[in-house]
Structure formats: C-alpha cells, structure tokens
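Since the structure comes first, as structure tokens, the remarks are kept for the end.
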Amino acid sequence: MNLVKIALLKADYVNADLIPEHGDLPDMFSRYLDTAFPNVSKQMDVYDIRHEALPDAAAYDLLIISGSRFSVNDADPWLSRLFAFIRDVSETGPPLVGFCFGHQALATALGGRVGATPVGWNVGLWPVEITAPAPWMNPARPAFLALFNHREQVLDLPHAAVVHASSPRCPVQMFSYHDRILGMQFHPEYMVGYQEAIMAVPKGLSREIFEDAISRNRDPRTDQHVGHWIAAFHGMAVKPHRFHALAGDRK
C-alpha cells in the first residue's frame, strides 16, 4: 500500500473548551484526510509553525497549511519565515495546499495581495462555483457548498495563478499555481458543529450575520469531493501516472 507522508503546518489552535467535543486541529485534518486518501496509508506530522521550526519539505509528499485567527498582514517574524518557506517549496518542493489563512499565505508569499473582505465577516455555508475546471477535479462538479469563516481574502492573485472557484462575496475561492500549489479560502476540514461553535466566540459578528449563517448551515447538500480533489492534485503534481492509483477513478 502506498504511504503518503504529510506535514501539517498548524497556524492556529482550538480553544480548550471546544476540544472535548470537536478535537484539535490535527484531529480535524486527520479525519478529513481519511476521506481524501481512503485507500492509502498516511503519516501526518504536525508543526506548530508559530513556535516551532518549519519542516524539511523534502521529507514529505504533501504539505498543508491550516487556517488561523491571525492575519497574513501581521508583522510577526513567524509569517516572514512561512512566506520564505512557501517560495522555496513552490520551486522544488512537494505539493502544498493551504486552507483559509493558508490560502491567503500562499497568495501573499507568491506576490499576491490579501485585504479585508468588503462584507466584513463572511461566515456560514455558501455556494461556490467552479470557474476553471481542472483534470484533478474528479468527480467533476459545476458548484458546491462550502463553509466560510473569514474577514480577509485574496484581492490580487500571484502572476500565473489560475482561479478555479469563485463565490459572489469572494471571487478567489480556489486557485492553483504552477500545478504544485493549491489554495482554498473555505474550510472543507470543518464540521458544521465546530464552525458554529467558533462563530459563537465574540469577534464582532452582528446578530443578523450570526443568525443568517446558522440558517445556511442547515443545508444538507455537502459531500467529500474536495478531499478527493486534493488527493488527485497531489497525485498529478507528484507523478502524473500515479494519479489514478492515489485518487481512484471517481464518477
């Protein structure tokens, strides 16, 4: 059986009172990656990149940058180290995938620009439209529902980046860069219960926005196809002929 070695670059933490019910970030990603790579043996190592050294990228098959409550526009030294790491990996490293903050970090490091969303907090379950289909989007979808939890977004893309998905409030929902970097603004690793729990933490959400998000989260039309896309993206970036072996033939 194939072994996929994954490094999770953890840029955030789960509040202690939420861990018993929802788990920590590594737990969420471990559960999600089980759906992305269902027939592949996995090893996931976790790096707390705010406090620890970044991994040796060459030791891994796939790198993932988590979301974060912090901003890519902060002046913290750990962000400068992360951006340099991303630039190095984009040239010679393994496939790199970023979620929410991670997506924004990818864009920033590679020459794009991140700023405030025009609507303030963008939260809840919203439709996302595919704008540029790619071979790794198997099974294909014209649109899907995704969980949002952000108040910054990519405003300008890096040169040569391709936008694959968009939503009315956030034009850059998913982008790729040179077929080795993949960013997504949404949170496929979140369960609805956790997303609602963190929305309840005071952070400036109006009652109207909160209640709208709660009502949207009742829509049951979700599936695991984005995880399959990540597996397929990984397989094609590493070695194209391994695509079907790693991702499976999904219809």
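The values are calculated or read from the model by the stated rules, or taken from the named source; none is laboratory data. Because the structure is predicted, anything quoted here is derived from the model rather than measured. Cβ atoms come from the backbone with ideal geometry, glycine included; neighbour counts cover every protein chain shown.
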How about region 94-130: which of its residues are in a loop (DSSP other than H, G, I, E, B) and buried (at least 18 other Cβ atoms within 10 Å of the Cβ)? PRO94, PRO95, CYS100, LEU110, GLY112, TRP121
Between a residue in region 95-110 that is modelled with pLDDT under 95 and any residue that is buried (at least 24 other Cβ atoms within 10 Å of the Cβ) and of a type in the set (D, E, K, R), which pairs come within a Cβ distance under 8 Å, given they are 6 or more apart or on different chains? none
Restricted to region 1-30, and to residues that are surrounded by 15 or more Cβ atoms within 10 Å (Cβ to Cβ), part of a loop (DSSP other than H, G, I, E, B) and aliphatic (A, V, I, L, M), which residue is farthest from the chain's Cα centre (by Cα)? VAL14
With PHE83, PHE70 as the choices, which residue is under 26 Å from TYR190 (Cα atoms), part of a loop (DSSP other than H, G, I, E, B), among the aromatic types (Phe, Trp, Tyr) and within 18 Å of the chain's Cα centre (by Cα)? PHE70
Would you mind stating whether ARG151 is touching a residue at least 24 places away in the same chain (Cβ under 8 Å), touching a His at 6+ places or on another chain (Cβ under 7 Å), of a type in the set (Lys, Arg) and more than 18 Å from GLU189 (Cα to Cα)? no
Of the criteria (1) touching an Asp or Glu at 6+ places or on another chain (Cβ under 7 Å); (2) surrounded by 16 or more Cβ atoms within 10 Å (Cβ to Cβ); (3) charged (D, E, K, R), which one ARG69 fails: (2)
